[in-house]
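The values are calculated or read from the model by the stated rules, or taken from the named source; none is laboratory data. Keep in mind that what you see is a predicted model, and the values were worked out from it rather than measured. Note: ideal-geometry Cβ built from the backbone for every residue, glycine included; neighbour counts use all protein chains shown.
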Amino acid sequence: MDRAGFVKLAAIGFALVVASFVVRGVARLVVGRELAELLQAPLIFAGFALLVYLFVRATLDAVGIWPVEDPDA
């Protein structure tokens, strides 16, 4: 993975988390609280898991164990 791919994945992760809250808010208006939370759950889980992976990957890069490739170098 290069730095551009890392940034793309970070943007996707944040977008998933934001989308989960939008889905929850709109779904609460339409179908009720319980079903809205069920619809939100996969999005927030995927976004959170992606962001945790990126955090671990960035930490491993900072320590020098698993470097993220820099295409400019």
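Structure summary
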{"item": "Some residue of segment 12-23 being out of contact with any strand residue (DSSP E or B) (no Cβ under 6 Å at 6 or more places or on another chain) and over 30 Å from Leu60 (Cβ atoms)", "result": "yes"}
{"item": "Any chance Pro71 is touching a strand residue (DSSP E or B) at 6+ places or on another chain (Cβ under 7 Å) and not acidic (Asp, Glu)", "result": "yes"}
{"item": "Some residue of segment 32-40 being under 9 Å from the mean Cα position of the chain (by Cα) and assigned to a helix (DSSP H, G or I)", "result": "no"}
{"item": "Qualifying residue in segment 52-65 (condition: surrounded by 12 or more Cβ atoms within 10 Å (Cβ to Cβ) and touching a Gly at 6+ places or on another chain (Cβ under 9 Å))", "result": "yes"}
{"item": "Residue in segment 2-20 that is assigned to a helix (DSSP H, G or I) and of a type in the set (Asp, Glu) present", "result": "no"}
{"item": "Residue check for Gly25: at pLDDT 95 or above and more than 10 Å from the chain's Cα centre (by Cα)", "result": "yes"}
{"item": "Top-ranked residue in segment 15-39 [being among the small types (Gly, Ala, Ser) and touching a residue at least 12 places away in the same chain (Cβ under 8 Å); ranked as surrounded by the most Cβ atoms within 10 Å (Cβ to Cβ)]", "result": "Ser20"}
{"item": "Meets criteria (β-branched (Val, Ile, Thr) and not in a helix (DSSP H, G or I)) for Ile65", "result": "yes"}
{"item": "Flag if Glu69 is surrounded by 12 or more Cβ atoms within 10 Å (Cβ to Cβ), of a type in the set (Asp, Glu) and free of Cβ contacts under 8 Å to residues at least 24 places away in the same chain", "result": "no"}
{"item": "Hey, Val18 among the aliphatic types (A, V, I, L, M), farther than 26 Å from Arg3 by Cβ and under 21 Å from the mean Cα position of the chain (by Cα) or not", "result": "no"}
